[in-house]
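Take a look at the structure below.
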Amino acid sequence: MKPIPTISSKARRAVNCSTAIATLLLVLASGCAPASKEPNREAGGTAPQDGQHEQAKLVFYSNNGNSEESFDQSFGNALRKKFPNYTIEYIRAATGTQLQDLLASGTKFDIFFNTIGNFERYMIESGMEYDMRELIKKHNVPLSDLDPVYVEYMNGAAGGPIYGFPIQNNVMTLYYNKTLFQKFGVPFPQNGMTWDEAIELGKKLTRQEAGTSYVGLTVNPANTANQNQFSLPSVDPLTMKPTINTNPLWKPLFETLFVRPFENEIARAETIRLKKIPDHYTFVRDQTLAMYGYSSGLISALGEEMKQLDWDIAALPTFREKPGVGAQPYPFQMGITSFSANKDAAMTALKFLLSEEYQKEISEKGQMPVLKLETVKQAFGNKSTFSNKNYSALFYNKMASIAFKTPPYGAAIDRFHTTSALQLAQGQADINSLFRQAEEEATKEINALRQNAK
């Protein structure tokens, strides 16, 4: 990629690096060497080879604010059980422990993790990135067991550095309220539906009964844009300009999901009344939304509340232009930091988190795995609170290719997609005018970020 003349060397480095790290943080080598800054305090000591007998201390950090309990449930407990000689610690992002605080104080940590997009942004902006290829080879990490959507991007990176790989995933699925379908005598949604079929199904459920308004179908705007089934980037990787008004596929995407389901006056009126597109709270708490396209993570995020709802899932409906293709994955990624003193121990831990053993364990608990192995997929939800759901829906579609990520620009302009979706659903403006406005405002946002980066 050619340098952008108006962007600073620091910002250019982040932009150039982001091209290949759109998926696995497989970044092209040009301009992406780890930063030279070296915090003063070490996170750990010895670097064991096999992780079974040697002692080591591993410190994990994420600036996503997850609690220590959440970390332990997802990663910490499994690692301590597998490696009893390891001391596993987690630093939670809070007042005084934000990323800039840790770097300024010289506090080291061994493994950084965050969701795709955020992972690469903070890794590279902070100069923490470390090419793990030699360690992956040394420890024989089975990257070939990853779902093909990740392998596809690894191959496309042409041998560039590997700064991280996915450990857990989230996909979009279609939740539905079985009680409403039964109440109104409408057949349940099925795996393999198109959006045209889902919209027609939604029309049968959008109605008023005894003073209550029911909406048949909505999808989450932010997830839909970020994980869109057409693999559209929010920012063009060559021009660093927003794509919403230049890539012609955004229009059918928005018309299908944010215009047609709201042509019914009841659905539109509810969206105006709520001042938002009916969402997961409308679905779970109000129980007036029949179908909702959202992340598989909802099952764990609102698990207790969902016990009060008779629900199930179907595969995310697909577009005629992309048959059998669901949404893009939205994985948690982990990578070893450049200043880790325990790189071998860290890779031993990461290898375990990518193993069939661990991936099957999280799958059984209802957390989305990243491996393609059938034993892992078939185990999904077997030991979860909700063990009788149609979990085959989560694996029914092929995941869409992961779109190009442009930290920090993509994250900064995502809100324009959400705003446009809401305005369309409320009937406030036509799609062409909205897209032009979104393009203008997003361009200003990008220009301001580039100016500040100089």
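The values are calculated or read from the model by the stated rules, or taken from the named source; none is laboratory data. Remember, predicted model here, so these are calculated numbers, not experimental data. Cβ atoms come from the backbone with ideal geometry, glycine included; neighbour counts cover every protein chain shown. The protein model used for the area step is the full one, side chains on, heavy atoms only, and it has no ligands, DNA or RNA in it. Shrake-Rupley method; radii C 1.70, N 1.55, O 1.52, S 1.80 Å.
Of note:
- Within the chain, helix-based [θ] at 222 nm, where runs of 4 or more DSSP H residues each add -39,500 (n - 2.57), nearest 500: -9500 deg cm²/dmol
- For the pair the range 208-276 and the range 112-154, the centres of their Cα atoms are 31 angstrom apart.
- When you filter the GluC sites (Glu not before Pro) in the range 163-265 for DSSP loop state and at most 14 other Cβ atoms inside 10 Å of their Cβ, you are left with 263.
- Near residue 327, the amide H atoms lying under 5 Å from its own belong to 172, 400; only residues 5 or more places off or on other chains count, and H is placed 1.01 Å from N.
- Backbone HN-Hα couplings from phi across the range 135-147 [Karplus 6.51/-1.76/1.60, Hz, Gly and Pro as x]: 5, 4, 5, 4, 9, 6, 6, x, 5, 5, 7, 5, 3
- In this structure, the amide hydrogen of residue 57, modeled 1.01 Å from its nitrogen in the peptide plane, lies closer than 5 angstrom to those of 45, 46, 87, counting only residues at least 5 positions away or on a different chain.
- About its Cα centre, the dipole of the range 360-454 is roughly 420 debye, where the only charges are +1 on Lys and Arg Cβ and -1 on Asp and Glu Cβ.
- Global form of the range 322-379, assessed from the alpha-carbon gyration tensor, a/c cut-off 1.5: oblate
- Listed values for the range 427-435 are Karplus-derived 3J(HN,Hα) couplings in whole Hz (6.51 cos²θ - 1.76 cosθ + 1.60, θ = phi - 60°), namely x, 7, 7, 7, 5, 5, 5, 5, 5, and x replaces Gly and Pro.
- The chain, accessible area per residue, ligands and nucleic acids excluded (1.4 Å, Å²): 42 Å²
- Put simply, the amide H of residue 165, placed in the peptide plane, has neighbours under 5 Å in 334, leaving out anything fewer than 5 places away on its chain.
- The antiparallel fraction among DSSP beta bridges confined to the range 166-323 stands at about 70%.
- Note on residue 101: accessible area approximately 50 square angstrom, rounded to 10, probe 1.4 Å, nucleic acids and ligands left out.
- For the range 87-117, backbone nitrogen atoms closer than 19 Å to the point 7 Å from residue 72 Cα along Cα-to-C-beta are found at 87-94.
- Among the protein heavy atoms of the chain, carbon and sulfur supply 47% of the accessible surface, probe 1.4 Å, non-protein parts ignored.
- Dipole magnitude for the chain: about 480 debye, using +1 per Lys or Arg Cβ and -1 per Asp or Glu Cβ, origin at the Cα centre.
- With Rh defined as the Kirkwood radius, the inverse of the mean 1/r over Cα pairs, the Rg/Rh of the range 311-454 is 1.08.
- Per-residue HN-Hα couplings for the range 412-418 [Karplus 6.51, -1.76, 1.60; θ = phi - 60°; Hz; x = Gly/Pro]: 5, 9, 4, 5, 6, 5, 5
- Three-way shape label, the range 277-335, alpha-carbon gyration tensor, a/c 1.5: oblate
- When all protein chains stay in place and ligands, DNA and RNA are ignored, the 1.4 Å accessible-area order of 279, 236, largest first, is 236, 279.
- Taking only the C-alpha atoms of the range 140-244, Rg followed by Dmax gives 20.1, 63 Å.
- Note on the range 190-283: percent of Cα-Cα distances in each 5 Å bin, starting at 0 and stopping at the bin with the largest distance, equals 2, 12, 20, 22, 17, 12, 8, 4, 2, 1, 0.
- Accessible area in the full protein assembly, largest first, 1.4 Å probe, for 251, 138, 383: 383, 138, 251
- Leading residue at positive end of dipole, the range 113-197 (Cβ point charges), from 146, 188, 132: 188
- Taking Cα centre as origin and charging only the Cβ of basic (Lys, Arg, +1) and acidic (Asp, Glu, -1) residues, the dipole magnitude of the range 214-334 rounds to 340 debye.
- Of the trypsin sites (Lys or Arg not before Pro) in the range 181-223, the ones in a loop by DSSP (not H, G, I, E or B) with at most 15 other beta carbons within 10 Å are 204.
- Prolate/oblate/rounded call for the range 252-301, Cα gyration tensor, a/c under 1.5 rounded: oblate
- Positive-end residue, the range 244-289 charge dipole about Cα centroid, Cβ charges, pick of 264, 252, 277: 277
- Distance between the pseudo-spin-label points of residue 209 and residue 415 (7 Å out from Cα toward the beta carbon): 3.8 nm.
- The accessible-area ordering, largest first, of the residues 259, 376 stands as 259, 376, per a 1.4 angstrom probe.
- The distance from the alpha carbon centre of the range 364-413 to that of the range 418-442 is 30 Å, rounded to a whole number.
- Two-site FRET efficiency, residue 433 against residue 100, from Cβ-Cβ distance with R₀ of 56 Å, rounded to 0.05: 0.90
- Dimensions of the chain from C-alpha coordinates, computed as largest minus smallest value along each principal axis and given longest first, are 68, 53, 40 Å.
- Of the residues 295, 403, 165, the one whose Cα sits farthest towards the positive end of the charge dipole of the chain is 403 (charges of +1 on Lys and Arg Cβ, -1 on Asp and Glu Cβ, taken about the Cα centre).
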